[in-house]
Amino acid sequence: MYRLVVRLMLVGLGPAILAASLLAQGAPPPLVTPQELLDGLKPDGAHWLVFGGGYENHRHSPLTQITPENVGRLVPQWVFQTDTPARFETTPLLRDNVLYVTGPLNLAWAIDARTGREIWRYRRELPPTGSLTACCGLVNKGFGVLGDRLFMTTLDAHLLALDMKTGAVAWDVTLEDYRKGYASTIAPLVVKDKVIVGVAGGEYGIRGFIDAYDAKTGKQAWRFYTIPGPGEPGNDTWAGDSWQRGGAGVWVTGAYDPALNLLYYGIGNPGPDYHSESRKGDNLYSDSIVALDADTGKLRWHYQFTPHDLHDWDATEVPVLADLTIAGQPRKVVMFANRNGFYYTLDRTDGKLIVAKPFVITTWAKEVGPDGRPVLLPGHVPDEKGALTCPDVTGATNFWPPSYDPAQRLFFVNAREVCATYYAWRQEYVPGERFTGGAAQRARGADMRAYGALRAIDPTTGERRWEFEYISPSTSGLLSTASGLIFSGDAEGNFLAIDARSGKFLWRFQMGSALHGTSAITYMLDGRQHVLVPTGTTLTSWALSDVPREKPFTN
Amino acid sequence: MKWIYTALIVTVLSVAHVIAQDLFVTIPTLPTKNPLEGNADAITAGMGAYRVRCADCHGMDARGVRSPDITQVWAKGRTDDALFRTIRNGVPGTEMPAFAAPRTSDVDIWRILAYLKTLAAPAPTGLARGNATTGQNVFAANCIACHRVGEHGGTLGPDLSRIGAARAREAIARQIRGNVADFRTGYEPVTLTTPNGQEIRGVKKNEDLFSVQIMDTGERIQGYLREDMRTVTNEKQSAMPAFAADRLSDADLDDLLAYLTSLQGANGENPAGGGR
């Protein structure tokens, strides 16, 4: 009897003891599952696994340890330096206390989130200098993740899968030939078993597309061309053969609605950027948002913000999903602050317009009509003499991510108040060369103040709730938290905490380089909320000075 | 044994061939003559590019606003390839920036020069007014407290050691007479007022939402927090006094301009192919 008890105890305890000893040895954590990606940002703050925090791209954390009252007690924990001449535009991912970060020049790292020490480093050899065509910097916007693999696009238009533990390349596929003007900087979005990516090159006469690849094998699952080919609906919105080099790149990560199984992506500008005569017609699906079936890549609906765009107003801003009550009706919406100066709320089931309202000074269109098309004002077709239009070519906002606070139902965006003179002329297309058919110059002068502002917009009306003004336009993305904070940055290098309820300034730190094109992220580590800030060539980790660290092991 | 030598020679030759090809790819030789001169498409494209990138300083007609008249560069003996290099590398010590590849391609530069060539004018024939030696004395009496030439002078205003290469004569004249509305970056006048009413005047070197960095009229460089000041005011009037005719005669101005336009820097001309 005694023996039996002992035996039973051993049988019962055995696995428990084994499990405990494995944990102490650092057993590998379970693989990243599709469910974990669906969960988004959870109250435990243990991870950040999707570009926008979750598929809805809120960049709004449920964490509340750092508050408007105590944010002044943030102190740096460590600084990581890339030792490269180019800067971060990346959204880092965090899992199991390790950060996974892509950098400029096709670099990537796994970094110990506790200490900032490098665990592994990956570098892809770049093709010879001068042959890369990424128009606006040799940057990258971040990893996607699934299983034990990270996914990363490259400047020479490849998609790589890296082993999370070592950084070794698991597979490598070519999206397109970089010598024809294709590049890729987008953070992949992983949906179920597929990796979704796009290509840049709207200034180089490419034909843009969104691709899906099998996460295990790298085999292409589907491709959606952002410019319809002959015989497809919409090809007739491009005069002659202009569709072949119409641009319409995809370089900002979209959103995903699992209930509708739809992907939402903003599409880039038509090319050549400024010359109207070179591509008569609406030029679908440039400057549009498209809703694609996540399994097949088939187009469900589209909405074109700027038909026949002549100002390089890519719709490459981050789409944000929410469920709102508008005019007493529950609506599934996608929110979109566009480079063309208008803020939009669309029904994300069918693409119908609900709200369109300028959020900066906008001179090219009187309004967006009930049919969803902008009502154009005269005098804004660029020519050789030049035409003054607001906003400027960088736009009312751009690829830097906004954030959305579902409790306050407020959409936060860093907006720019800048105008430009746009010029246009006919240009011959040469494969691999810049193909813009014009240029733009920022308007200057005493009556042409150029500045920026963080603006809070009510998505049910498009009305501005409050703003925080910068002395010059900011290109920083936003992170907000459930405790009522917004983390932003200005062009002068200040990292800023703003009160999300009032827009009042709370705290700042001069980082020495601007937070550009991306936002801070936040997570819990050893009982302390951390804020991780990519600026210039550094990552800086912050936490409250008066919150003691919980040790991961007890005696 | 002989085949080893043959193989060696072949190897050396093919390596040399590869290196030579590589060199040829990375350092293409620059044509001495603009390959796009007279090309109608290039002239149109060049006009657009010129208006966006050059006209702000050199004027829509290229006759100079702040920066020199560039319609006479050929008449003065500059060659196409030298002008190409000036655009590519910029002019050190002036506001003329370098237009680097790949953002600005070789073709872009040739297009701009093709357009400029259509505006080319003969060299001026009128006699140059003013005496530079006398002008140097005018400078020493009126300007040197704030402006530096070579080793001598103040630092509150811009260094004028290469002003002759950077500015059109008329632009310098307008500046001296006080008929200029805008300020050069780093020299915008600013007045800070302390809580007890003391005023600190100077020129703005940098600023952000929370602070401002200045050189005050005593040439002290210093940063101040906005929260420590009662007011921080951007002035409309330049820190440089206006020298109207009652203060500086037309003859003195001509002498001074003759001196200033003679200041072309150490070598007189931008060293071709400078930079990296």
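If you take the residues of the range A:368-397 that are under 27 Å from the mean Cα position of the chain (by Cα) and not in a loop (DSSP other than H, G, I, E, B), which of them is surrounded by the most Cβ atoms within 10 Å (Cβ to Cβ)?
Checking each candidate, the answer is A:389.
How many of the residues in the range A:510-544 are among the aromatic types (Phe, Trp, Tyr) and more than 24 Å from residue A:45 (Cα to Cα)?
Count: 0.
Going through the range B:195-212 one residue at a time, which ones are polar (S, T, N, Q) and either more than 14 Å from chain A (Cβ to nearest Cβ) or more than 24 Å from the chain's Cα centre (by Cα) (or both)?
B:196, B:198, B:211
Considering only residues that are within 14 Å of chain B (Cβ to nearest Cβ) and not polar (S, T, N, Q), which ones fall in the range A:390-421?
Once the filter is applied, which keeps residues that are within 14 Å of chain B (Cβ to nearest Cβ) and not polar (S, T, N, Q), the range A:390-421 yields A:392, A:393, A:420.
Quick one: which strands (runs of 3 or more DSSP E) sit completely within the range A:159-253 and have at least 1 residues that are over 24 Å from the mean Cα position of the chain (by Cα) and surrounded by fewer than 24 Cβ atoms within 10 Å (Cβ to Cβ)?
A:169-174
Kindly check whether there is at least one residue in the range A:227-237 that is acidic (Asp, Glu), over 19 Å from residue A:157 (Cβ atoms) and at pLDDT 95 or above.
The answer is yes, given that some residue of the range A:227-237 is acidic (Asp, Glu), over 19 Å from residue A:157 (Cβ atoms) and at pLDDT 95 or above.
Would you point out which residue out of A:95, A:59 is surrounded by 17 or more Cβ atoms within 10 Å (Cβ to Cβ), over 30 Å from residue A:504 (Cα atoms), in contact with a strand residue (DSSP E or B) (Cβ under 7 Å, 6 or more places away or on another chain) and among the charged types (D, E, K, R)?
A:95
Name the single residue that is modelled with the lowest pLDDT among those in the range A:133-151 being under 16 Å from residue A:477 (Cβ atoms) and more than 14 Å from every other protein chain (Cβ to nearest Cβ).
So the residue we want is A:139.
Residues checked against (1) of a type in the set (Gly, Ala, Ser); (2) in contact (Cβ under 8 Å) with a residue 24 or more places away in the chain:
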| residue | (1), (2) |
| --- | --- |
| A:138 | no, yes |
| A:142 | yes, yes |
| A:147 | yes, yes |
| A:152 | no, yes |
| A:163 | no, no |
| A:166 | no, yes |
| A:173 | no, yes |
| A:177 | no, no |
| A:187 | yes, yes |
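Residues checked against (1) over 22 Å from the mean Cα position of the chain (by Cα); (2) within 19 Å of residue A:468 (Cβ to Cβ); (3) away from every other protein chain (no Cβ under 14 Å):
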site	(1), (2), (3)
A:494	no, yes, no
A:501	yes, yes, yes
A:508	yes, yes, no
A:512	yes, no, no
A:526	yes, no, yes
A:541	no, no, yes
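Output yes when any residue across the range A:331-344 is within 20 Å of residue A:466 (Cα to Cα) and surrounded by fewer than 20 Cβ atoms within 10 Å (Cβ to Cβ), and no when none is.
Scanning the range A:331-344, I find no residue that is within 20 Å of residue A:466 (Cα to Cα) and surrounded by fewer than 20 Cβ atoms within 10 Å (Cβ to Cβ), so the answer is no.
For the subset of the range A:422-442 comprising residues that are at the interface with chain B (Cβ under 8 Å from one of its Cβ atoms) and polar (S, T, N, Q), which member is nearest to residue A:385 (Cα to Cα)?
Filtering first and then ranking leaves A:441.
Among the residues in the range B:68-80, are any small (Gly, Ala, Ser), more than 19 Å from the chain's Cα centre (by Cα) and more than 14 Å from chain A (Cβ to nearest Cβ)?
Among the residues of the range B:68-80, at least one is small (Gly, Ala, Ser), more than 19 Å from the chain's Cα centre (by Cα) and more than 14 Å from chain A (Cβ to nearest Cβ), which makes the answer yes.
Matching residues to (1) free of Cβ contacts under 8 Å to residues at least 60 places away in the same chain; (2) aliphatic (A, V, I, L, M); (3) within 16 Å of residue B:156 (Cβ to Cβ):
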residue	(1), (2), (3)
B:193	yes, no, no
B:211	yes, no, no
B:219	no, no, yes
B:226	yes, no, no
B:236	yes, no, no
B:246	yes, no, no
B:258	no, yes, no
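How do the pairs read when you match residues in the range A:249-272 that are on the phi > 0 side of the Ramachandran plot with residues anywhere that are surrounded by fewer than 24 Cβ atoms within 10 Å (Cβ to Cβ), using Cβ under 6 Å and keeping only pairs 6 or more apart or on different chains?
Pairs found: A:261/A:294.
Any residue at all in the range A:443-458 that is of a type in the set (Lys, Arg), more than 9 Å from chain B (Cβ to nearest Cβ), in contact (Cβ under 8 Å) with a residue 60 or more places away in the chain and at positive phi?
No; the residues of the range A:443-458 include none that is of a type in the set (Lys, Arg), more than 9 Å from chain B (Cβ to nearest Cβ), in contact (Cβ under 8 Å) with a residue 60 or more places away in the chain and at positive phi.
Mind checking which residues of the range A:514-524 are within 14 Å of another protein chain (Cβ to nearest Cβ) and either buried (at least 24 other Cβ atoms within 10 Å of the Cβ) or in a strand (DSSP E or B) (or both)?
A:515
So if I check each of A:31, A:23, which one is modelled with pLDDT under 95 and touching an Asp or Glu at 6+ places or on another chain (Cβ under 9 Å)?
The unique qualifying residue is A:31.
Quick check: anything in the range B:135-148 touching a residue at least 12 places away in the same chain (Cβ under 8 Å) and within 14 Å of another protein chain (Cβ to nearest Cβ)?
No, every residue in the range B:135-148 fails to be touching a residue at least 12 places away in the same chain (Cβ under 8 Å) and within 14 Å of another protein chain (Cβ to nearest Cβ).
Looking at (1) within 20 Å of residue A:46 (Cβ to Cβ); (2) within 14 Å of chain B (Cβ to nearest Cβ); (3) of a type outside the set (Gly, Ala, Ser), can you tell me which one residue A:126 breaks?
Of everything listed in (1) within 20 Å of residue A:46 (Cβ to Cβ); (2) within 14 Å of chain B (Cβ to nearest Cβ); (3) of a type outside the set (Gly, Ala, Ser), residue A:126 misses just condition (1).
Residues checked against (1) surrounded by 12 or more Cβ atoms within 10 Å (Cβ to Cβ); (2) assigned to a strand (DSSP E or B):
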site	(1), (2)
B:214	yes, yes
B:223	no, yes
B:232	yes, yes
B:238	yes, no
B:241	yes, no
B:245	no, no
B:248	yes, no
B:251	yes, no
B:258	yes, no
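Hey, among B:253, B:263, which residue is at pLDDT 95 or above and either out of contact with any strand residue (DSSP E or B) (no Cβ under 7 Å at 6 or more places or on another chain) or over 28 Å from residue A:445 (Cα atoms) (or both)?
One residue alone meets the criteria, B:253.
Quick one: would you say residue A:427 is modelled with pLDDT under 90, touching a strand residue (DSSP E or B) at 6+ places or on another chain (Cβ under 6 Å) and of a type outside the set (Asp, Glu)?
no
Here is a yes/no grid of residues against (1) in contact with a Phe, Trp or Tyr (Cβ under 8 Å, 6 or more places away or on another chain); (2) among the small types (Gly, Ala, Ser):
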{"position": "A:459", "(1), (2)": "yes, no"}
{"position": "A:465", "(1), (2)": "no, no"}
{"position": "A:472", "(1), (2)": "yes, yes"}
{"position": "A:483", "(1), (2)": "no, yes"}
{"position": "A:494", "(1), (2)": "yes, no"}
{"position": "A:511", "(1), (2)": "yes, no"}
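The values are calculated or read from the model by the stated rules, or taken from the named source; none is laboratory data. Everything numeric in this text was worked out from a predicted model, so none of it was measured. Reconstructed Cβ throughout: ideal geometry from the backbone, glycine too, with neighbour counts over all protein chains shown.
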